1. Please determine, by comparing only the residues of segment 118-141 that are of a type in the set (A, V, I, L, M, F, W, C) and closer than 19 Å to Cys196 by Cβ, which one is farthest from the chain's Cα centre (by Cα).
2. Residue check: is Ser125 in the same structural domain as Lys95 (by TED's automatic domain parsing), within 19 Å of Ile76 (Cβ to Cβ), of a type in the set (Gly, Ala, Ser) and modelled with pLDDT of 95 or more?
3. Given the options Glu209, Glu198, name the one that is assigned by TED's automatic domain parsing to the domain that holds Leu166, over 17 Å from Cys138 (Cα atoms) and of a type in the set (Asp, Glu).
4. Pull up segment 99-128, narrow it to residues that are surrounded by fewer than 16 Cβ atoms within 10 Å (Cβ to Cβ) and of a type in the set (Val, Ile, Thr), then point me to the one that is nearest to Tyr150 (Cα to Cα).
5. Does segment 149-167 contain at least one residue that is in contact with a helix residue (DSSP H, G or I) (Cβ under 8 Å, 6 or more places away or on another chain), without any contact (Cβ under 8 Å) to a residue 24 or more places away in the chain, of a type outside the set (Ser, Thr, Tyr) and assigned by TED's automatic domain parsing to the domain that holds Thr131?
6. Pick out the one residue from Trp133, Trp100 that is of a type in the set (A, V, I, L, M, F, W, C), under 26 Å from Asp225 (Cα atoms) and in the same structural domain as Lys216 (by TED's automatic domain parsing).
7. Residues of segment 119-147 being under 30 Å from Lys191 (Cα atoms) and hydroxyl-bearing (Ser, Thr, Tyr), which ones?
8. Kindly indicate the residue of segment 168-206 that is surrounded by fewer than 19 Cβ atoms within 10 Å (Cβ to Cβ) and hydroxyl-bearing (Ser, Thr, Tyr) and also nearest to Ile151 (Cα to Cα) among those meeting that condition.
Amino acid sequence: MKKYVEFTVTLLVLIASIACLGYVVVKAAKNGGDFFGSNAKSIVESQTKKKTSTSKNGKTVKSADSGSDDGTSGTILIGDSRFVGMNEAASVEDKENHIWMVAKVGQGLPWFKSTALKSVDKIKSRNTAITSWKYVICLGVNDLSDIDGYIEEYESLVEDDSSVKLTMVSVNPVQNRPDITNKDVQKFNDKLIDACDENDWKYIDTYDELIKKGYKTTDGLHYDDDTYKLIWRLIKKEM
């Protein structure tokens, strides 16, 4: 009787094992050889996509497996030699985080219209996944008398492309220059502020902040590195 019971138990265990093995084979066949199926694959992919950022020199950037940039915004800073100097002192341009610089020494409104905007268009054409753009502009110290022309060009710019948002940075103060006075700079800025109010453009008043905090120039027009870094911090804070 005891041997009969042992035989029966062994037989049942064998039958159960065969049944389990059959289930595994059928399940794997249905999933193309993958027993765990697409759900497990989706979980792995989801966990991979969660790795959206990494650290590079203290900055957060998108990792290679973070997916599309669709819906992101880009920033293009446009200016003259003062933006050139700021970029050199503070490493402003950061393409991985969608920040570009278009700036050239000694330039003003004619350059903005004929050259700078073409460079801007090239940047946009190479980054089609970015759907909205912010232009941060600081021009005018080389042609303070052209404020009306600047405003007209800015108004035309946003009329032609509604995806563009404008941010104006004040023309910043000079120091002991025979050709430019801070009174001239303030007149330009006052008209620019009025235009910003009328057109709903953002205005960043770095001029007043530099007057309050103090600034140093190397030639009365261009700044030392510490002042350029201060200007960039003020702009970033408002951006």
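The values are calculated or read from the model by the stated rules, or taken from the named source; none is laboratory data. Predicted model only: the values in this text are computed from it and were never measured. Don't worry about glycine lacking a Cβ; one is built from the backbone with ideal geometry, like all the others, and counts go over all protein chains shown.
1. The initial filter retains those residues of segment 118-141 that are of a type in the set (A, V, I, L, M, F, W, C), namely 120, 123, 129-130, 133, 136-139, 141.
Retained after the next criterion (residues that are closer than 19 Å to Cys196 by Cβ): 133, 136-139, 141.
Details: Trp133: 9, Val136: 12, Ile137: 15, Cys138: 18, Leu139: 21, Val141: 26 Å.
In this case the residue turns out to be Val141.
2. On the way: in the same structural domain as Lys95 (by TED's automatic domain parsing): yes; within 19 Å of Ile76 (Cβ to Cβ): yes; of a type in the set (Gly, Ala, Ser): yes; modelled with pLDDT of 95 or more: yes.
In short, yes.
3. Values: Glu209 fails: over 17 Å from Cys138 (Cα atoms).
One residue alone meets the criteria, Glu198.
4. Thr115
5. For segment 149-167, residues in contact with a helix residue (DSSP H, G or I) (Cβ under 8 Å, 6 or more places away or on another chain), without any contact (Cβ under 8 Å) to a residue 24 or more places away in the chain, of a type outside the set (Ser, Thr, Tyr) and assigned by TED's automatic domain parsing to the domain that holds Thr131: absent.
6. Working: Trp133 fails: under 26 Å from Asp225 (Cα atoms).
Going through Trp133, Trp100 in turn, just one is of a type in the set (A, V, I, L, M, F, W, C), under 26 Å from Asp225 (Cα atoms) and in the same structural domain as Lys216 (by TED's automatic domain parsing): Trp100.
7. Within segment 119-147, Ser119, Ser132, Tyr135, Ser145 qualify.
8. Here the answer is Tyr203.
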